[in-house]
Amino acid sequence: NLNFTTMKTMDYLHLNASAVNGVVNSLKSLLADYQIFYANLRGLHWNIRGRAFFVLHAKFEELYDNAAAKVDELAERILMLGGEPENRFSEYLKTARLQEVSGVSCPMRR
């Protein structure tokens, strides 16, 4: 479902429409995975308990900030290639290879 402008650009760049569609579909799949990954990292950041709280809390924040940037880059690339990035979490859950996780704790060590 590429628009006319995208088709002209692809023609100018000598890109094959079916190959670009394949790339767009792969990027959409990766976007779904990254959205689940991001949500999992946020949940882990919020719910971490235990002795390593401060170290892990900061690390999860660093990781989810990085994941958020990747999500944005993926969505923008999908748009650049004439696709439409999904924004519904319900759809991500259907197509992502990753699963949601619940809270995590770090056992106390003696």
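We did not get these values from a lab; they are worked out from the coordinates using the rules stated. Not measured: the values here are computed from a predicted model. All Cβ positions, glycine included, derive from the backbone under ideal geometry; neighbour counts span all protein chains shown.
Projecting the Cα atoms of Asn16, Ala67, Gly43 onto the charge dipole of region 4-99 (Cβ charges, centred on the Cα centre) puts Gly43 farthest toward the positive pole. For region 4-99, the relative contact order works out to 40 percent when only alpha carbon pairs closer than 8 Å and six or more residues apart are counted. The lysine pair tally for region 4-99, using Cα distances under 24 Å and a gap of 8 or more places or different chains, is 5.
Please state the charge dipole magnitude for region 4-99, taken about the Cα centre, from unit charges on C-beta atoms (+1 on K and R, -1 on D and E), reported in debye and rounded to the nearest 20. Dipole about the Cα centre, nearest 20: 380 debye.
A crude spin-label estimate for the pair Glu100 and Phe54, with each label 7 Å from Cα along the Cβ direction, gives 3.3 nm. Among 46-55, 23-32, 60-69, the peptide with the highest mean count of other Cβ atoms within 10 Å heads the list, and the full ranking is 23-32, 60-69, 46-55.
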